[in-house]
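Student: Sharing a structure with you now.
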Amino acid sequence: MAISQNGNIVSSVGQFKTLEQFIIEQQHVLPYSTGAFSRLIRDISVAAKIINRDINKAGLVDIIGDAGEVNVQGEDQQKLDIMAHNELVRALIRGGECCVIGSEEQEDLIFVEPNSSGHGEYIVLFDPLDGSSNIDVNVSVGTIFSVYRLEKFSGEGKPTMEDVLRPGVDQVASGYVIYGSSTMLVYTTGHGVNGFTLDPSVGEFMLSHPDIKTPEQGTLYSINEGYYRAFEKGLREYIKWIQTPDEATGRPYTSRYIGSFISDFHRNLLRGGIYMYPSTAKNKNGKLRLMYEVNPTAFIVEQAGGIAIDGTKRVMEIIPGSLHARTPLFIGSKQMVERVQQFLSGELTLKNAS
Ligand code: P6P
């Protein structure tokens, strides 16, 4: 139920616009929209509701814990990872708007057979359940997705990997679902960022966060400081700088690192902050995957007024080398990312930074 400004409890159905209503209203601003794109977003939202249902009862049925297999990243696959992957693939194939699917949980692309009305026009890449190592301890996790449009195939009769490996600037949409104290779907089609909260009493996503803009400056920083000794000099100096008390600039900043990227990203997006996953001894190219974690959140943060770089350049301009490529990531409030970039380049040091 929703609480209105005057404190009255109002029916969320009457109070808020549903995702379906919002998608239909937005349809006129999408240059190519034939309704197919609207159906695609709806298909993803249906899968999100099913994943949400299964996550919320994870402790009660035998779907928690390791599935005994590892994914392409060599990470233990949690049963919910596989469930989330299957639900998304099923919804996208059933919806018929996709021609090819890429998932963190599967090495190769999934090609969707054309149906009676021909092949789908969209590529959807996703991490079905980011932060899944936290599932057993009830920490919020998320689904992250990236959408490209593919009008014609370069291969004979079906898409190729070449069609898929495109820079983030080519995305036509991206979003995430965060399964936390409430379940939210946040997405962009390049016309701003909007957040929808699931009202479980009616099973609808309601527009709860219209036109999200991220503060230009924040005081939250998210990084695994356990790797501090492996960080490059400029990053070590930046961390020491933000920990140096200075009332005028709100320092020391507050460290918040949940170990679930989409949870850290979502909190920083709303409150202002920076999430950093740099090159480390264990992950020389960073840990996050370019195609289905970095590009989608970079699209969102830029639409919300923030910045996303790999340390030197805009991540959305990186030409992907492979479907599961990784990249270092510094993402969040504009002024915070600009500042860390100045330390990484050596332009600023602990000595000369004010
Ligand atoms: P570390 C989860 O596995 C993940 O990909 C992100 O969700 C999270 O921010 C990061 O890895 C945590 O990695 O190395 O700090 O444990």
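Student: In segment 160-203, what residues are in a strand (DSSP E or B) and of a type in the set (S, T, N, Q)?
Tutor: Within segment 160-203, Ser174, Thr183, Thr188, Asn194, Thr197 meet the criteria.
Student: Considering segment 218-237 alone, what residues qualify as being buried (at least 18 other Cβ atoms within 10 Å of the Cβ), within 11 Å of the ligand (Cβ to nearest atom) and of a type in the set (D, E, K, R)?
Tutor: Result: no residue meets the conditions.
Student: Condition first: out of contact with any Asp or Glu (no Cβ under 6 Å at 6 or more places or on another chain) and within 19 Å of Val193 (Cα to Cα). Now tell me which residues in segment 247-275 satisfy that.
Tutor: Keep residues of segment 247-275 that are out of contact with any Asp or Glu (no Cβ under 6 Å at 6 or more places or on another chain), which gives 247-257, 259-260, 263-274.
Listed by number, the residues that qualify are Ser263, Asp264, Phe265, His266, Arg267, Asn268, Leu269, Leu270, Arg271, Gly272, Gly273, Ile274.
Student: Of Leu270, Leu207, which residue is assigned to a helix (DSSP H, G or I) and not charged (D, E, K, R)? Even if it seems obvious, please write down each step before you answer.
Tutor: Details: Leu207 fails: assigned to a helix (DSSP H, G or I).
Leu270 is the lone residue from the list that is assigned to a helix (DSSP H, G or I) and not charged (D, E, K, R).
Student: From the residues in segment 273-294 that are part of a helix (DSSP H, G or I) and over 16 Å from Ser333 (Cα atoms), which one is nearest to the ligand (Cβ to nearest atom)? Quick ask: steps written out before the conclusion?
Tutor: At the first step, the residues of segment 273-294 found to be part of a helix (DSSP H, G or I) are 290-294.
Right, trim to over 16 Å from Ser333 (Cα atoms) and you get 290-293.
Numbers: Leu290: 13, Met291: 14, Tyr292: 11, Glu293: 7 Å.
Residue satisfying both the conditions and the ranking: Glu293.
Student: Inspect all residues belonging to segment 113-131 and state whether any of them is outside the structural domain of Glu293 (by TED's automatic domain parsing), touching a helix residue (DSSP H, G or I) at 6+ places or on another chain (Cβ under 7 Å) and among the polar types (S, T, N, Q).
Tutor: no
Student: Also, I was wondering about something else. Restricting attention to segment 136-160, which residues are away from the ligand (no atom under 11 Å from the Cβ), in contact (Cβ under 8 Å) with a residue 60 or more places away in the chain and farther than 22 Å from Asp43 by Cα? Steps first, answer last, please.
Tutor: First, the residues of segment 136-160 that are away from the ligand (no atom under 11 Å from the Cβ): 136-138, 143, 145-160.
From what is left, the residues that are in contact (Cβ under 8 Å) with a residue 60 or more places away in the chain are 136, 138, 143, 145-147, 149, 159.
Correct list: Asp136, Asn138.
Student: Another question about this same structure. Limited to segment 159-191, what total is found for residues that are closer than 17 Å to Pro114 by Cα and buried (at least 16 other Cβ atoms within 10 Å of the Cβ)?
Tutor: Residues of segment 159-191 that are closer than 17 Å to Pro114 by Cα, as a first pass: 159-160, 163.
Keeping just the survivors that are buried (at least 16 other Cβ atoms within 10 Å of the Cβ) gives 159, 163.
Counting residues in segment 159-191 that are closer than 17 Å to Pro114 by Cα and buried (at least 16 other Cβ atoms within 10 Å of the Cβ) gives 2.
Student: Kindly evaluate Leu19 against the criterion of being farther than 26 Å from Thr160 by Cα, at pLDDT 90 or above and crowded, with 19+ Cβ neighbours inside 10 Å. Give the steps one after another, and end with the answer.
Tutor: Values: farther than 26 Å from Thr160 by Cα: yes; at pLDDT 90 or above: yes; crowded, with 19+ Cβ neighbours inside 10 Å: yes.
Yes; evaluated as a whole, the condition is true for this residue.
Student: Considering Val124, Val139, Val100, which residue is modelled with pLDDT under 95 and either surrounded by fewer than 21 Cβ atoms within 10 Å (Cβ to Cβ) or part of a strand (DSSP E or B) (or both)?
Tutor: It is Val139.
Student: Something else now. Can you tell me which residue among Val147, Val202 is modelled with pLDDT under 95 and out of contact with any Lys or Arg (no Cβ under 9 Å at 6 or more places or on another chain)?
Tutor: Testing whether each residue is modelled with pLDDT under 95 and out of contact with any Lys or Arg (no Cβ under 9 Å at 6 or more places or on another chain) leaves just Val202.
Student: Could you identify the single residue in Lys213, Lys240 that is assigned to a helix (DSSP H, G or I), away from the ligand (no atom under 13 Å from the Cβ) and surrounded by fewer than 16 Cβ atoms within 10 Å (Cβ to Cβ)?
Tutor: Lys240
Student: Based on what the data block shows, is Gly321 within 22 Å of Val164 (Cα to Cα), free of Cβ contacts under 8 Å to residues at least 60 places away in the same chain and either out of contact with any Gly (no Cβ under 6 Å at 6 or more places or on another chain) or part of a loop (DSSP other than H, G, I, E, B) (or both)?
Tutor: no
The values are calculated or read from the model by the stated rules, or taken from the named source; none is laboratory data. Quick caveat, the model's predicted, so the values are computed rather than measured. Every residue, glycine as well, gets a Cβ built from its backbone with ideal geometry; the counts of neighbours run over all protein chains shown.
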